[in-house]
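Engineer: Please read through the structure below; I'll follow up with questions.
The values are calculated or read from the model by the stated rules, or taken from the named source; none is laboratory data. All figures in this text were calculated on a predicted structure; none of them were measured in a lab. Cβ atoms come from the backbone with ideal geometry, glycine included; neighbour counts cover every protein chain shown. With ligands, DNA and RNA removed, areas are computed over all heavy atoms of the protein, side chains included. Shrake-Rupley method; radii C 1.70, N 1.55, O 1.52, S 1.80 Å.
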Amino acid sequence: MLLFTAKRVLSGILLLVAVSIGTFFLAHLAISDPTASLLGTTASPAQQQALAEKIGLDRPLIVQFWDWFSHAVLLDFGESWRNFQPVGAQLAIKVPVTLSVVTFATLITAVIGIAFGMITGLRPGTWFDRIIKGISVVLFALPGFWVSLVLVMWLAVQLKWFPAVGYVPPTQSVEGWLRSITLPAISLALGGIVAVSEQLRNAVIAQSRQDWVRTLRSRGLSAARVNLHILRNASPAALTVIALMFVGLLSGAIVVEQIFSLPGLGQLTNQSSQNGDIPMLLGITVISIVFVVVINLLLDLVLGWINPKVRVA
């Protein structure tokens with residue numbers, strides 16, 4: 001297990017380095033003249049030249065890369081070109097907002113998706129199975145931004161159960177924090193619930209038809225214990241989807257944070273893209289890839305614990 005973990009950690013580090021290098025050069029290629037975006041169209045060539053010298057754009061690109069990379073490995077992402085504040089300090093404020101919404105959405109996805117998948121998988125073809133499949137088709141077809149707007153109009157504006165916009169830090173009020181992230185989390189989770197429940201349903205049906213299930217039942221094991229064994233053997237499919245959903249929700253948060261006015265990474269990414277703030281974009285990319293690596297590592301460890309055969313893959 002230790003060798004298995006070491007291999008996964010090493011592959012994650014290599015992925016982080018490769019993506020960071022690629023993102024750096026692609027960002028500079030896509031934003032050829034950041035000074036124009038930072039200063040606006042009314043800036044004179046002299047002002048653009050002065051800013052370029054201040055932020056180091058007058059140096060060769062390979063020198064800029066090495067300066068950034070040598071500091072980034074020490075978690076120093078430099079200063080934002082927009083406000084000249086440390087990138088790391090600004091990310092420390094924005095990351096908890098996005099992470100809390102995405103984590104809550106993943107939790108909702110896992111709980112409801114696994115429950116629906118298990119129930120419909122154990123009783124395929126029943127009225128409950130048909131209802132869930134019908135609802136799944138509708139939810140999968142609905143655009144996420146439209147669902148977000150409907151939730152705001154219904155649960156926030158009409159029923160006033162949740163705030164329509166804004167974010168309350170947990171240090172200020174735990175109840176206010178939960179209420180402020182509930183609607184964004186539900187908006188993100190709806191599509192994931194469909195995917196998780198469908199994957200688990202198919203896996204449960206396949207496992208229920210195996211000979212070992214009939215053997216357990218013939219030995220007099222209770223239905224609850226048999227179902228627990230079925231869930232354990234069917235869970236890898238659902239866990240993989242949940243991990244992929246967490247990664248996908250990080251990008252989906254960009255739209256949701258705009259709708260609900262959440263001061264997270266999505267809002268920061270949008271602003272940085274418009275302003276040509278390359279250091280901030282690079283910092284966001286590195287943090288996002290760290291999340292991806294950690295989630296994939298945890299998934300591999302869980303799958304390795306469930307199925308020892310995975311450890312030798």
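Engineer: Can you name the number of the only condition in (1) in contact with a helix residue (DSSP H, G or I) (Cβ under 8 Å, 6 or more places away or on another chain); (2) of a type outside the set (Phe, Trp, Tyr); (3) on the phi < 0 side of the Ramachandran plot that PRO60 fails?
Structural biologist: Against the list (1) in contact with a helix residue (DSSP H, G or I) (Cβ under 8 Å, 6 or more places away or on another chain); (2) of a type outside the set (Phe, Trp, Tyr); (3) on the phi < 0 side of the Ramachandran plot, PRO60 comes up short only on (1).
Engineer: Assigned to a helix (DSSP H, G or I) and modelled with pLDDT under 80: is that true of PHE145 in this structure?
Structural biologist: yes
Engineer: Hey, another quick one. Is it true that VAL194 is open to solvent by 50 Å² or more (accessible area, probe 1.4 Å), aliphatic (A, V, I, L, M), touching a residue at least 40 places away in the same chain (Cβ under 8 Å) and in contact with a Leu (Cβ under 9 Å, 6 or more places away or on another chain)?
Structural biologist: Details: open to solvent by 50 Å² or more (accessible area, probe 1.4 Å): no; aliphatic (A, V, I, L, M): yes; touching a residue at least 40 places away in the same chain (Cβ under 8 Å): yes; in contact with a Leu (Cβ under 9 Å, 6 or more places away or on another chain): yes.
Considered against the rule, which asks whether it is open to solvent by 50 Å² or more (accessible area, probe 1.4 Å), aliphatic (A, V, I, L, M), touching a residue at least 40 places away in the same chain (Cβ under 8 Å) and in contact with a Leu (Cβ under 9 Å, 6 or more places away or on another chain), VAL194 comes out as no.
Each row is one residue, and each column tells you yes or no for (1) touching a helix residue (DSSP H, G or I) at 6+ places or on another chain (Cβ under 6 Å); (2) part of a helix (DSSP H, G or I); (3) at pLDDT 80 or above; (4) crowded, with 23+ Cβ neighbours inside 10 Å.
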| site | (1), (2), (3), (4) |
| --- | --- |
| HIS229 | no, yes, yes, no |
| ASN233 | yes, yes, yes, no |
| ALA237 | yes, yes, no, no |
| GLY248 | no, yes, no, no |
| SER251 | no, yes, no, no |
| ILE254 | yes, yes, no, no |
| ILE259 | yes, yes, no, no |
| LEU268 | yes, yes, yes, yes |
| SER272 | yes, yes, yes, yes |
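Engineer: Would you mind finding the one in LEU221, LEU178 that is open to solvent by 20 Å² or more (accessible area, probe 1.4 Å), among the hydrophobic types (A, V, I, L, M, F, W, C) and within 21 Å of GLY252 (Cα to Cα)?
Structural biologist: Values: LEU221 fails: within 21 Å of GLY252 (Cα to Cα).
Going through LEU221, LEU178 in turn, the sole match is LEU178.
Engineer: Does VAL101 meet the test of being modelled with pLDDT of 80 or more, closer than 24 Å to LEU268 by Cβ and surrounded by fewer than 17 Cβ atoms within 10 Å (Cβ to Cβ)?
Structural biologist: On the way: modelled with pLDDT of 80 or more: yes; closer than 24 Å to LEU268 by Cβ: yes; surrounded by fewer than 17 Cβ atoms within 10 Å (Cβ to Cβ): no.
No, not satisfied.
Conditions tested, residue by residue: (1) within 20 Å of LEU239 (Cβ to Cβ); (2) more than 20 Å from the chain's Cα centre (by Cα).
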site: VAL111; (1), (2): yes, no
site: MET118; (1), (2): yes, yes
site: GLY121; (1), (2): yes, yes
site: THR126; (1), (2): no, yes
site: LEU139; (1), (2): no, no
site: PRO163; (1), (2): no, yes
site: SER180; (1), (2): no, no
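Engineer: So, in region 1-51, how many residues would count as being outside any helix (DSSP H, G or I), of a type in the set (Gly, Ala, Ser) and within 30 Å of VAL292 (Cα to Cα)?
Structural biologist: Narrowing region 1-51 to residues outside any helix (DSSP H, G or I): 1, 31-33, 40-44.
Those still in the list that are of a type in the set (Gly, Ala, Ser) too: 32, 40, 43-44.
Narrowing further to those that are within 30 Å of VAL292 (Cα to Cα): 32.
Result for region 1-51: 1.
Engineer: With respect to ILE114, is the statement that it is open to solvent by 30 Å² or more (accessible area, probe 1.4 Å) and touching a Ser or Thr at 6+ places or on another chain (Cβ under 8 Å) true? I'd like the intermediate steps shown before the answer.
Structural biologist: Numbers: open to solvent by 30 Å² or more (accessible area, probe 1.4 Å): yes; touching a Ser or Thr at 6+ places or on another chain (Cβ under 8 Å): yes.
Yes.
Engineer: Okay, next question. Only one residue in LEU282, LEU298 is open to solvent by less than 10 Å² (accessible area, probe 1.4 Å) and either aromatic (Phe, Trp, Tyr) or touching a residue at least 40 places away in the same chain (Cβ under 8 Å) (or both), so which one is that? Write out each step before concluding.
Structural biologist: On the way: LEU298 fails: open to solvent by less than 10 Å² (accessible area, probe 1.4 Å).
Result of the check over LEU282, LEU298: LEU282.
Engineer: Against the condition part of a helix (DSSP H, G or I) and closer than 30 Å to HIS229 by Cβ, how does MET118 come out, does it pass? Even if it seems obvious, please write down each step before you answer.
Structural biologist: Working: part of a helix (DSSP H, G or I): yes; closer than 30 Å to HIS229 by Cβ: yes.
Yes.
Engineer: If you don't mind, another one. Does region 154-163 hold any residues that are assigned to a helix (DSSP H, G or I) and open to solvent by 30 Å² or more (accessible area, probe 1.4 Å), and which are they?
Structural biologist: Within region 154-163, the first condition is being assigned to a helix (DSSP H, G or I), and the residues that meet it are 154-158.
Scanning region 154-163 gives TRP154, VAL157, GLN158.
Engineer: Which residue, of GLY176, GLY166, GLY125, is in a helix (DSSP H, G or I), out of contact with any Cys (no Cβ under 9 Å at 6 or more places or on another chain) and more than 23 Å from THR109 (Cβ to Cβ)?
Structural biologist: Every option except GLY176 fails the conditions.
Engineer: Hey, could you check region 59-93 for residues that are free of Cβ contacts under 8 Å to residues at least 40 places away in the same chain, among the polar types (S, T, N, Q) and part of a helix (DSSP H, G or I) and say which is most open to solvent (accessible area, probe 1.4 Å)? Talk me through it step by step, then tell me what you get.
Structural biologist: Keep residues of region 59-93 that are free of Cβ contacts under 8 Å to residues at least 40 places away in the same chain, which gives 59-64, 66-67, 70-71, 73-76, 83-86, 89, 92.
Adding the requirement that they be among the polar types (S, T, N, Q) leaves 64, 70, 83, 85.
With part of a helix (DSSP H, G or I) added as a condition, the list becomes 64, 70.
Working: GLN64: 19, SER70: 37 Å².
Once the filter is applied, the top-ranked residue is SER70.
Engineer: Working only within region 197-215, note down all residues that are open to solvent by 30 Å² or more (accessible area, probe 1.4 Å) and either free of Cβ contacts under 8 Å to residues at least 60 places away in the same chain or over 28 Å from LEU244 (Cα atoms) (or both).
Structural biologist: If the condition is that a residue be open to solvent by 30 Å² or more (accessible area, probe 1.4 Å) and either free of Cβ contacts under 8 Å to residues at least 60 places away in the same chain or over 28 Å from LEU244 (Cα atoms) (or both), then ALA206, GLN207, ARG209, GLN210, ASP211, TRP212, ARG214, THR215 are the ones that fit.
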